[in-house]
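Asker: Let me give you the structure first, and then I'll get to my questions.
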Amino acid sequence: MDEEVHVAAPVKRSLGGWLLIAMPYLWLLIFFLAPFLIVFKISLSEVAIAIPPYLPTFDFSEGWETFRENLSSFSLENYIWLTEDALYWKSYLSSVIIAATSTVLTLLIGYPIAYGMARSPQSWRPTLLMLVILPFWTSFLIRVYAWIGILKNEGLLNQLLLSLGLIDEPLVILNTNIAVYIGIVYSYLPFLVLPLYASLEKLDGSLLEAAEDLGCPPWKAFWKVTLPLSIPGMIAGCFLVFIPAVGEFVIPDLLGGSDTLMIGKTLWVEFFNNRDWPVSSAVAVILLMILVIPIVLFQNQQQKMAEKNG
Amino acid sequence: MAKKSVGPVRREFTPWENPDHPPFIEFRNVSKKFGDFTAVRNLSLKIYEREFFALLGGSGCGKTTLMRMLAGFETPTSGQIFLDGQDLAGIPPYRRPSNMMFQSYALFPHMSVEKNIAFGLKQDKLPQAEIDDRVAEMLRLTKLEQFAKRKPHQLSGGQRQRVALARSLAKRPKVLLLDEPLGALDRKLREETQFELMNLQEELKMTFLIVTHDQEEAMTVADRIAVMDKGELIQVATPSEIYEAPNSIYVADFIGDVNLIEATVSEVSEDGTKLHSTGEGFLIESSQTTEAAPGDKVWYAIRPEKVRIAKGQGDAGAFNQVTGIVWDIGYLGDVSIIHAKVGADNRDILRATFANVSRMVEDPITWDEDVVLSFDRDAGVILTR
């Protein structure tokens, strides 16, 4: 580890070197920070019947004085509004719960898949990997739509179960939270399987042999060696599922019922149905804040891992 | 005349010379096939309690497969393996009384040094106090006390090697299996560790089985060496016998440096054998008796350090000497090696080495000089295969 410290000694960079480093920052500035600041600014504004539907708008032709006036009209009113109406915090809470539950379900299903892939003969692995990635070749929206055909009362699943005689009347799955779980688990499974597979695949097989040699039966060696060593992959995969699932809109909208409360849907209604840009912007800013916490945790963990492996 | 022995004697430990001595580990007609490939071919071998035994051979000779079958990671295609009288067939690795030190060390990266060492003891559900004692003992034995809390990635290669050794010794296995244990160490550390291993084995009174491709390592540590090739045992003997009395060209050539001289047997008697070298045309008289008959083609193997070299011309027709011209000189510090061209048309090269016993040399041998190469009756070995 000491050697790394020496490598990190100050390096003289050329102009090209600086440009290369500036690229990702520039990217973040243009495509993340700037839009965020615009959204944040709107969230501090007031709703109005105008185009765009909020006040104040900045028009720099009107001079410095007007600009300062506009600035002073900013208020946190929309954020206060979010705390007053139970709908919002219930949406946030419900989103986090649904995302967390789906993440756990995805992990339970994804772990055996990743483990099976990592333990399969070397020659099969590229094919299996391809199969995991294959669904991405079809539009996400179409794949979620396809689930309606499977889950609806007279859908494929119910027809199959009825014909097998397992049930007497169709199961009501579509337009319930169960359908949302199915949709999220299905859609985000590859995001969990891929990092998990990567960490399981590089696991040194001789570690398991060593465990066995020291008196540990194979099933116990899994708990003592494989599982702890795949934690980084599990964490990475879970974050990749949890973070987008919290803000998910398409799946709860298409598969969920009227009582499925998710912040993505609330945001949509606020924005398109109520045309209240400032409040929906505030909803988005709060959502980002909620997500920043796990993202920072995730980053920290990744860094720790990188240092450890270095 | 004092009794002659092959090489130096390390310790009085020769159970293999007594046919009634029960073996501790026995391979009985063991074969192992991987598809079409035969890794081990109908091999039988006895290893004795408290022996330090080495399996030596090039890559793919089957030595590692043989060890893995003993550890239980491979199942023999046919044949039986016994350990301390017990047939190991059907016993999974986690119930075998052997422990292995892996070539890659296979240390658990998520556990500290002491947790690694305690791992096997915990599987045996020993009381915690005993585990702690045993771990402390192993840490002391391998001089790792101050690294107990560290994780494997915070250790140097040599320290990791010692952790792996401590972990495999902690359960006090009936036999310790060492799979190329020193392969990843640099030369100096490797030599030190070889002697440490020997002392450890002596101190713990355990049976060690080492797999290595490094002949020096095998010769240093082992009581006996099995030289393997293509899944078969070529020779099983003490290091000095392997070196001084190889049973075949393969062994003579594999271990150390050797001059192989093609020769024809001219006279066989109880007193020894007389040969006539085919290429170089000189006469050899050996104290060795051989089964070969006059007229048979044999090989005379002689180690370079057993060839004396001096300036001048030899007597034509004398035994065990030949005249040559110095072709190449290699100075290695401790020894020098001379390649001399010998024979009628100076085609063949004979190698001789000598120790550089003094810093100053008067009138040194140099290139293109006439030299006479000579050797004793006991110096070389007649090989028929």
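The values are calculated or read from the model by the stated rules, or taken from the named source; none is laboratory data. Predicted model only: the values in this text are computed from it and were never measured. Here the Cβ positions follow ideal geometry from the backbone for every residue, glycine too, while neighbour counts run over all protein chains shown.
Asker: Which of the residues spanning segment B:168-203 are within 12 Å of another protein chain (Cβ to nearest Cβ) and in a helix (DSSP H, G or I)?
Answerer: Scanning segment B:168-203 gives B:S168, B:L169.
Asker: Of the conditions (1) in a helix (DSSP H, G or I); (2) within 13 Å of chain A (Cβ to nearest Cβ); (3) loosely packed, with under 14 Cβ neighbours inside 10 Å, B:K125 satisfies every one except a single condition; which number is it?
Answerer: All conditions pass for B:K125, except number (1).
Asker: When the residues of segment B:128-167 are narrowed to those that are away from chain A (no Cβ under 14 Å) and not in a helix (DSSP H, G or I), which ends up surrounded by the fewest Cβ atoms within 10 Å (Cβ to Cβ)?
Answerer: B:K149
Asker: Out of segment B:105-115, which residues are in contact (Cβ under 8 Å) with a residue 40 or more places away in the chain and more than 9 Å from chain A (Cβ to nearest Cβ)? Give the steps one after another, and end with the answer.
Answerer: Taking segment B:105-115 as the starting set, the residues that turn out to be in contact (Cβ under 8 Å) with a residue 40 or more places away in the chain are B:105-111, B:113.
Across segment B:105-115, the qualifying residue is only B:V113.
Asker: Return yes when A:V246 is among the aliphatic types (A, V, I, L, M), under 30 Å from A:I49 (Cα atoms) and touching a residue at least 12 places away in the same chain (Cβ under 8 Å) and no when it is not.
Answerer: When the stated conditions are applied, A:V246 does not pass them.
Asker: Further, regarding this structure: Can you go through A:A114, A:A118 and tell me which one is within 30 Å of A:M234 (Cβ to Cβ) and either modelled with pLDDT of 95 or more or among the basic types (K, R) (or both)?
Answerer: Answer to the selection: A:A114.
Asker: Then there is this: Which residue, of B:A184, B:A164, B:A170, is among the small types (G, A, S) and more than 17 Å from B:S112 (Cβ to Cβ)?
Answerer: B:A184
Asker: Then there's this: Which is modelled with pLDDT of 90 or more and over 14 Å from the mean Cα position of the chain (by Cα), of A:F222, A:F242, A:F249?
Answerer: Answer to the check: A:F222.
Asker: Out of the residues in segment A:122-180 that are surrounded by 12 or more Cβ atoms within 10 Å (Cβ to Cβ) and small (G, A, S), state the one that is farthest from the chain's Cα centre (by Cα).
Answerer: A:G155
Asker: Wholly within segment A:16-99, which helices (runs of 4 or more DSSP H) include no fewer than the required count, namely at least 1 residues that are closer than 25 Å to A:A245 by Cα?
Answerer: Fully inside segment A:16-99 and qualifying: A:34-43, A:77-84.
Asker: Could I ask something else about it? Taking segment A:280-310 as the search range and keeping residues that are of a type in the set (V, I, T) and farther than 15 Å from A:K41 by Cα, which one is nearest to the chain's Cα centre (by Cα)?
Answerer: So, considering only residues that are of a type in the set (V, I, T) and farther than 15 Å from A:K41 by Cα, the one nearest to the chain's Cα centre (by Cα) is A:I295.
Asker: Can you tell which of A:G183, A:G215 is on the phi > 0 side of the Ramachandran plot and in contact with a helix residue (DSSP H, G or I) (Cβ under 7 Å, 6 or more places away or on another chain)?
Answerer: Working: A:G183 fails: on the phi > 0 side of the Ramachandran plot.
Only one candidate passes the filter, namely A:G215.
Asker: Still on this model: Just to be sure I understand, how many residues within segment B:155-169 are touching a Phe, Trp or Tyr at 6+ places or on another chain (Cβ under 8 Å) and either more than 17 Å from B:E217 (Cα to Cα) or among the charged types (D, E, K, R) (or both)? Let's see the steps before the verdict.
Answerer: The first filter runs over segment B:155-169 and keeps only residues touching a Phe, Trp or Tyr at 6+ places or on another chain (Cβ under 8 Å), leaving B:155, B:159-161, B:163-164, B:167.
Among the residues that remain, those that are also either more than 17 Å from B:E217 (Cα to Cα) or among the charged types (D, E, K, R) (or both) are: B:155, B:159-160, B:163-164, B:167.
Looking only at that region, the number is 6.
Asker: Any idea how many residues of segment B:94-103 are closer than 11 Å to B:L178 by Cα and either among the small types (G, A, S) or without any contact (Cβ under 8 Å) to a residue 40 or more places away in the chain (or both)?
Answerer: Residues flagged as closer than 11 Å to B:L178 by Cα and either among the small types (G, A, S) or without any contact (Cβ under 8 Å) to a residue 40 or more places away in the chain (or both) within segment B:94-103 amount to 1.
Asker: Pull out all pairs, ordered by first then second residue, where Cβ-Cβ is under 8 Å, the residues are six or more apart or on different chains, the first lies in segment A:58-76 and is modelled with pLDDT under 75, and the second is in a helix (DSSP H, G or I) and surrounded by 11 or more Cβ atoms within 10 Å (Cβ to Cβ).
Answerer: A:F58/A:F67; A:F58/A:N70; A:D59/A:T66; A:F60/A:F67
Asker: Only residues in segment B:138-163 that are of a type in the set (S, T, N, Q) count as the first member; pair them with residues that are assigned to a loop (DSSP other than H, G, I, E, B), Cβ under 8 angstrom, at least 6 apart or cross-chain, and list the lot.
Answerer: Listed pairs, sorted by first residue: B:Q154/A:M1; B:Q159/B:L144; B:Q161/B:Y105; B:Q161/B:P181; B:Q161/B:L182; B:Q161/B:A184; B:Q161/B:L185.
Asker: Taking the stated definitions as given, is B:S59 among the small types (G, A, S), within 14 Å of chain A (Cβ to nearest Cβ) and either in a helix (DSSP H, G or I) or under 31 Å from the mean Cα position of the chain (by Cα) (or both)?
Answerer: Numbers: among the small types (G, A, S): yes; within 14 Å of chain A (Cβ to nearest Cβ): no; either in a helix (DSSP H, G or I) or under 31 Å from the mean Cα position of the chain (by Cα) (or both): yes.
In short, no.
Asker: Residues of segment A:208-235 being facing chain B (nearest Cβ under 7 Å), closer than 27 Å to A:V132 by Cα and crowded, with 20+ Cβ neighbours inside 10 Å, which ones?
Answerer: If the condition is that a residue be facing chain B (nearest Cβ under 7 Å), closer than 27 Å to A:V132 by Cα and crowded, with 20+ Cβ neighbours inside 10 Å, then A:V225 is the only one that fits.
Asker: Can you give me the number of residues within segment B:5-31 that are aromatic (F, W, Y), part of a loop (DSSP other than H, G, I, E, B) and within 19 Å of B:P239 (Cα to Cα)? First the steps, then the outcome.
Answerer: The initial filter retains those residues of segment B:5-31 that are aromatic (F, W, Y), namely B:13, B:16, B:24, B:27.
Still in the running and part of a loop (DSSP other than H, G, I, E, B): B:13, B:24.
Applying the additional criterion that residues be within 19 Å of B:P239 (Cα to Cα) yields B:13.
Residues that pass the stated criteria total 1.
Asker: Please count how many residues of segment B:69-91 are over 12 Å from B:F27 (Cβ atoms) and touching a helix residue (DSSP H, G or I) at 6+ places or on another chain (Cβ under 9 Å).
Answerer: Matching residues across segment B:69-91 total 5.
Asker: Could you grab the pairs with beta carbons closer than 9 Å, sequence gap of 6+ or different chains, first residue in segment B:50-62 and touching a residue at least 60 places away in the same chain (Cβ under 8 Å) and over 12 Å from B:K230 (Cβ atoms), second one among the hydroxyl-bearing types (S, T, Y) and assigned to a strand (DSSP E or B)?
Answerer: B:R50/B:T207; B:E51/B:T207; B:F52/B:T207; B:F53/B:T207; B:A54/B:T212; B:L55/B:T212; B:L56/B:T212
Asker: In this structure, is A:M305 out of contact with any Ser or Thr (no Cβ under 8 Å at 6 or more places or on another chain), assigned to a helix (DSSP H, G or I) and either within 14 Å of another protein chain (Cβ to nearest Cβ) or under 25 Å from A:L105 (Cβ atoms) (or both)?
Answerer: Against the criterion (out of contact with any Ser or Thr (no Cβ under 8 Å at 6 or more places or on another chain), assigned to a helix (DSSP H, G or I) and either within 14 Å of another protein chain (Cβ to nearest Cβ) or under 25 Å from A:L105 (Cβ atoms) (or both)), A:M305 qualifies.
Asker: Quick one: how many residues across segment B:80-93 are farther than 22 Å from B:L204 by Cβ, out of contact with any strand residue (DSSP E or B) (no Cβ under 7 Å at 6 or more places or on another chain) and free of Cβ contacts under 8 Å to residues at least 12 places away in the same chain?
Answerer: 1
Asker: Of A:L261, A:L297, which residue is touching a Ser or Thr at 6+ places or on another chain (Cβ under 8 Å), at pLDDT below 90 and away from chain B (no Cβ under 12 Å)?
Answerer: Among A:L261, A:L297, only A:L261 is touching a Ser or Thr at 6+ places or on another chain (Cβ under 8 Å), at pLDDT below 90 and away from chain B (no Cβ under 12 Å).
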